[in-house]
Amino acid sequence: MIYSADRNCGSNTDAIGSGQLSSNEHQERPPHRSKYLHLSKDLMRKFLYFIHKCQCHVCFYSGDNKIENVELLNPVNLSLECIWTGNQNKQPNITGYWRKGGVEIQDSRVPVDPENQQYTLKRVFNIVSEEHLGNYTCVFENEAELDFILAVPQIGERREKPIVSYVGDFVVLTCKMEDNKPVPRTWNWFKNNGTDKEQLFEAQRYDITVNGRSAKLKVKDVSEADSGVYHCAAVYNISTSTSKMHLKVITIWEPLKPFLSILVEVVILVTAILIYERSHSKKKEAEGTNACFFSLF
């Protein structure tokens, strides 16, 4: 796979993370493809853009169907380019087009002529808001396609099990971006309130702490009403990355319920045994008395 990035944004544009291009790497590019840089697949997927109203160029060179992630922080004019090596029967002309979210983009169909034994499909997308993010697909004659998933950096830590706290205690909810991800512009916290999400602010019972790639929400003197789904949001200029966690507030008796249930069952069983033994004993005594009474006669 081959990667190309044309950056025309001056000092406002930078490639962040493990896919960052250094001046030495530019000098080491193969002379026959001077604008291409060979990178591993994992390195490709970790490439991040830090862009502010500029144009950048992402090019993928592949003969297979693939999915590539492109993480964006700011609005950008993004040039996506696909290069397909074709199949065994290289046609002199094929049709290429683009899809977004599985739906064909209007007026995106264009004839593609082979050049140097490969087909190239390119289009510039104006990515200025959250609604422009998503899945973009380039398609060559329905024979080959490549998906570009445009998104903001995703929060790495996701908790599946609920966080448990006791009534009257305090609890700290934590969200954290991975160390190789860019620092969010800010963090926000929300709690599900029916069908809506209610934003939480610093208050008597809430303490919010933000430290670069991490954010903490401390809820003090919790009650059962504080149980529910909480959301943390890492805010970037173009969109927001969210993660959710479930808080369950219980009374101190809650953990004892299984033991109390077993204890009640044991008491009922012992009581039933004692009642049976007592009634059986009385029956034997009655039978012994009747035997003595008949023996007198």
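The values are calculated or read from the model by the stated rules, or taken from the named source; none is laboratory data. Since the model is a prediction, treat every value here as computed from it, not as a measurement. Here Cβ is always computed from backbone atoms with ideal geometry, including for glycine, and neighbour counts include all displayed protein chains. All accessible areas refer to the heavy atoms of the entire protein, side chains included, with ligands and DNA or RNA removed. Shrake-Rupley method; radii C 1.70, N 1.55, O 1.52, S 1.80 Å.
The set of residues from region 100-112 being part of a loop (DSSP other than H, G, I, E, B) and not hydroxyl-bearing (Ser, Thr, Tyr) comprises GLY101, GLY102, ILE105, GLN106, ASP107, ARG109.
Can you spot a residue in region 129-151 that is open to solvent by 60 Å² or more (accessible area, probe 1.4 Å) and on the phi > 0 side of the Ramachandran plot? Yes, that holds for at least one residue. Selection within region 111-128: residues that are among the hydrophobic types (A, V, I, L, M, F, W, C) and open to solvent by less than 60 Å² (accessible area, probe 1.4 Å). The member of this set that is farthest from PRO92 (Cα to Cα) is ILE127. More than 27 Å from ILE250 (Cβ to Cβ), among the β-branched types (Val, Ile, Thr) and at pLDDT 95 or above: is that true of VAL172 in this structure? Here the answer is no, as VAL172 does not meet what is asked.
Every residue, every condition in (1) among the aliphatic types (A, V, I, L, M); (2) within 22 Å of GLU130 (Cα to Cα); (3) open to solvent by 50 Å² or more (accessible area, probe 1.4 Å), yes or no:
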{"residue": "LYS216", "(1), (2), (3)": "no, no, yes"}
{"residue": "ASP226", "(1), (2), (3)": "no, no, no"}
{"residue": "HIS231", "(1), (2), (3)": "no, yes, no"}
{"residue": "SER241", "(1), (2), (3)": "no, yes, no"}
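Among the residues making up region 154-180, those that are within 14 Å of the chain's Cα centre (by Cα) and assigned to a strand (DSSP E or B) are CYS175, LYS176. Take the conditions (1) open to solvent by 70 Å² or more (accessible area, probe 1.4 Å); (2) polar (S, T, N, Q); (3) under 30 Å from LEU247 (Cα atoms); SER165 misses just one of them, which is (1).
Counting only residues that are surrounded by 12 or more Cβ atoms within 10 Å (Cβ to Cβ) and more than 23 Å from VAL70 (Cα to Cα), which one in region 80-108 is modelled with the highest pLDDT? Per the stated criteria, the residue is THR95. Taking LYS257 as the residue in question, decide whether it is open to solvent by 100 Å² or more (accessible area, probe 1.4 Å) and either at pLDDT 90 or above or basic (Lys, Arg) (or both). So LYS257 passes the test.
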